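Only the coordinates and a few stated rules stand behind these numbers; no lab work does. All figures in this text were calculated on a predicted structure; none of them were measured in a lab. Please note: Cβ atoms are built from the backbone with ideal geometry, for glycine as well, and neighbour counts cover all protein chains shown.
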Amino acid sequence: MTRLRHIPGILRHLGPRWALGRLVMAAENRLGILRRRCPAGDWPVVSPVASAFRPLAVQPPEGPFDSEAHDIGHGAFRPFSWAARQLGFPPKWNVNLLSGSTLPADRHWTELPDFDFGDIKGVWELSRWFWAYPLGRAYLRTKDEIHTRRFLELALDWMDKNPPNLGPNWKCGQEASIRLMAAAWALSAFDKSPLLTPEIRRRFASLALVTARRVEAHLGYALSQDNNHGICELAGLVTVGCLWPDLPGARKAKSLALGKLDGYAERLFAADGSFSQHSSNYHRVALDALCWTEAVLRVDGRHLPPSAASSAERGARFLHALSSADGLVARYGADDGARILPLTCSQYGDFRPTLAACSALLRGPGVPDGPWQDQARMLGTQPRPGALEGAPAISDLPEGGIHVRRIGRTLVTFRCPTFFRFRPSHADHLHVSVLHGDELSIEDPGTLSYNLPEQPWADLASARFHNVPLVDDRDAMERATRFLWLPWLTCDLESCSPEKIMASHRGHAGFVVRRTVEISREQVVITDRFEGDRMADLSVRWSSPRKADLIPLEISTMEGVLAEEWHGSDHATGLGVNCLRYGSPGPGWMRIARLKARSATIVTRIALPGGR
């Protein structure tokens, strides 16, 4: 709950527009307005004319075949990109995969509290219909109708168990929009199947109609969040208007969405291409949603508004600058496992499918030919291969607060936000990540869960889980709400050259904390200088999935004796926990060097491959 003392800071940073949106939402909910806009009941009957669907011109995949479609047919799903887990066929749509609890499916979504059922993402994940994509990919490759039957059995069972506006799976307009994208893509993939009878097509048109009305009913709230919620919900409305144009209100919804999107994407993507959510994965989600929107607009003979298209191109160049030749990106910010267009067999951490789609649809930088190009093919366009290796060796992205240095196959990423237009995601000031080839070596530990009361550290957003210098193990900002830090602390960028970056902040009372990162072909040297007016516990910490990556680090000081701690996946404190996948804590390690002093300098040397 927000404390009264935080309210002035919230209003100062988020502004009256945000506050008004929350007040309107609360009033609409209390007065029953949202319930009247989103009536619960049976699926609406759609006429044959209104149910006409215009498919995307999807193409068969050329990448290798994987077993996911086969696994799904036998009840084994891969939520959050986990390894396949037996969940039944069809699965139980209202069971929380993260807690095992069952949520009520007979209550209007406005009656369900946000955080009373554990992490609701554990319920929403299967209802994003991510399983539609591997089934559709398999059908495009084989034309085997077993994949159509399995898709229809899952989709129609979901509709039977989740009638309009009842239960948790209607609670979020973004979730409903992501689900509709999956349904629309799958209908495009299965379009020639004789199993898609007129009656079944009418049922999917009903899903599109209810989804559009659900999104429109609460669109102002989604847009007020200044993040992926708004972009995905606008994409959902464009989907209905382009692919089901004869549904009641579909054309009006499309016009509304395009009018909003024209300036919205431009507002959320800065001049350097960084995205409002300060998160590498949510950046990918935003680009996938914009690629999808461009693809469905092409069915209508149209394109994204120019400002939205140029915003997406900037965003793709930003992501390109952070990517290794193997498609890996140094993680930063919140990561809930979202991959809204799983159109290839590439692994979750591979960002090349998104970059390939951006290149083909929105003229972003190219990536080499490979199975990741299937994302462009299956959005109805031809790949435009390029060279990811052509990413710049030096990228200074000040609005995103990120500096990247590329030495051969090594990427060094320095997080140094000098201002915030949108709320910080993590307390990760002065964080450094090091990526060697196809492995994240020294890295951000990811996110376990946004709502795990028994493990309050589970979002791993605090500074103590990052590769940063700390005073008294305290964050330099304070948690005001679940997703809000105050005040919005910034760094001073004191110098920046290809070989050396220096930045500092004053987030700890009585202290200036300064970090210098020096890069050569042989090593990365990180010098942390603490200058204070009191005795304090001064520490530097480094995290990695593997202890072997931390052992070679040389950590030293001239001011005294460093005490060292090693934490391996400590579930009591969260130290050392590494989450390659949301909701699935993996093995990891953290190495902490600390000493008591007023002022001190701690130096960490990281040898680069071939540099010794």
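Give the Rg/Rh ratio for the chain, taking Rg as the radius of gyration of the Cα atoms and Rh as the Kirkwood radius, to two decimals. For the chain, the value is 0.97.
Put a plus charge on the Cβ of each Lys and Arg, a minus charge on the Cβ of each Asp and Glu, and nothing anywhere else: the dipole of the range 177-250 about its Cα centre is then about 260 debye.
Using the membrane-span-like helix rule (whole DSSP H runs, Cα extent along the own axis of at least 27 Å, mean Kyte-Doolittle hydropathy at least -1.0), which helices of the chain qualify? Walk me through the numbers before you get to the answer.
Numbers: long enough: 198-217 (28 Å, -0.11); 280-299 (29 Å, 0.27).
Going by DSSP H runs, the hits are 198-217, 280-299.
Placing unit charges on each Cβ (+1 for Lys and Arg, -1 for Asp and Glu) gives the chain a dipole about its Cα centre, and among S449, L156, L140 the Cα reaching farthest toward its positive end belongs to L156.
For the chain, the number of Lys pairs with C-alpha atoms closer than 21 Å, counting only pairs eight or more positions apart or on separate chains, is 8. Under the combined filter of DSSP loop state and at most 13 neighbouring Cβ atoms within 10 Å, the range 1-86 retains these trypsin sites (Lys or Arg not before Pro): R3. In a fully extended conformation the segment linking R482 and K500 would gain 2.9 nm over its present Cα-Cα distance, using 0.36 nm per residue. Among C579, L20, V329, pick out the residue whose Cα is farthest towards the positive end of the charge dipole of the chain, where Lys and Arg carry +1 and Asp and Glu carry -1 on C-beta, about the Cα centre. Toward the positive end, the furthest listed residue is L20.
For the chain, which longest stretch is free of loop sites, where a loop site is one of the GluC sites (Glu not before Pro) that DSSP puts outside H, G, I, E and B and that has at most 10 other Cβ atoms within 10 Å? Could you put the intermediate results ahead of the total?
Values: sites that count: E454, E499.
Between the exposed loop sites, the longest stretch runs 1-453.
Of L411, C491, N467, which is farthest towards the positive pole of the chain's charge dipole, taken about the Cα centre with +1 and -1 on the beta-carbons of Lys, Arg and Asp, Glu respectively? Value: C491.
Annotation for the range 209-255 versus the range 569-594: alpha-carbon center distance of 39 Å.
Name the trypsin sites (Lys or Arg not before Pro) in the range 498-593 that are in a loop by DSSP and that have at most 16 other C-beta atoms within 10 Å, would you?
Taking the range 498-593 and a limit of 16 other Cβ atoms within 10 Å, the loop trypsin sites (Lys or Arg not before Pro) found are R506, R521, R546.
Global dimensions of the range 63-111 from alpha-carbon coordinates: Rg and Dmax equal 13.9, 45 Å.
Inter-part distance, the range 46-65 to the range 87-112, computed on C-alpha centroids, equals 29 Å.
Rounded to the nearest Hz, the phi-derived 3J(HN,Hα) couplings of the range 103-119 under the Karplus curve 6.51 cos²θ - 1.76 cosθ + 1.60 (θ = phi - 60°) are 9, x, 9, 10, 10, 4, 4, 5, 8, 9, x, 5, 10, 8, 10, x, 7, where x marks glycine and proline. Treat every Asp and Glu Cβ in the range 379-536 as -1 and every Lys and Arg Cβ as +1, leave all other atoms uncharged, and give the resulting dipole magnitude about the Cα centre to the nearest 20 debye. In debye, rounded to 20, the range 379-536 gives about 320. Please list, by residue number, everything in the range 336-350 whose backbone N is under 19 Å from a paramagnetic label point 7 Å out along Cα→Cβ of A84. Only 342-348 fall inside the zone, counting backbone N under 19 Å. Each Lys and Arg adds +1 at its Cβ and each Asp and Glu adds -1 at its Cβ; summed about the Cα centre, the chain shows a dipole of about 1260 debye.
Along each principal axis, taking the top coordinate minus the bottom one, the Cα set of the range 32-390 gives 54, 43, 43 Å in descending order. Available extension along the chain between T142 and R12 is 41.1 nm, counting 0.36 nm per residue and deducting the alpha carbon span. Helical content of the chain, expressed as a calculated mean residue ellipticity at 222 nm, amounts to -10500 deg cm²/dmol (DSSP H runs of 4 or more residues, -39,500 (n - 2.57) each, divided by residue number, nearest 500).
What ratio of Cα Rg to 2.2 N^0.38 Å holds for the range 306-381? It would help to have the intermediate numbers written out before the result.
Numbers: Rg = 11.9 Å, N = 76, 2.2 N^0.38 = 11.4 Å.
Output field value: 1.04.
Exposed loop sites here are chymotrypsin sites (Phe, Trp or Tyr not before Pro) assigned a DSSP state other than H, G, I, E or B and surrounded by at most 16 other beta carbons within 10 Å; excluding them, the longest clear run of the chain is 116-418. On a C-alpha basis, how far is the centre of the range 386-436 from the centre of the range 465-531 in Å? Whole number, if you could? What the calculation gives is 14 Å, centre to centre.
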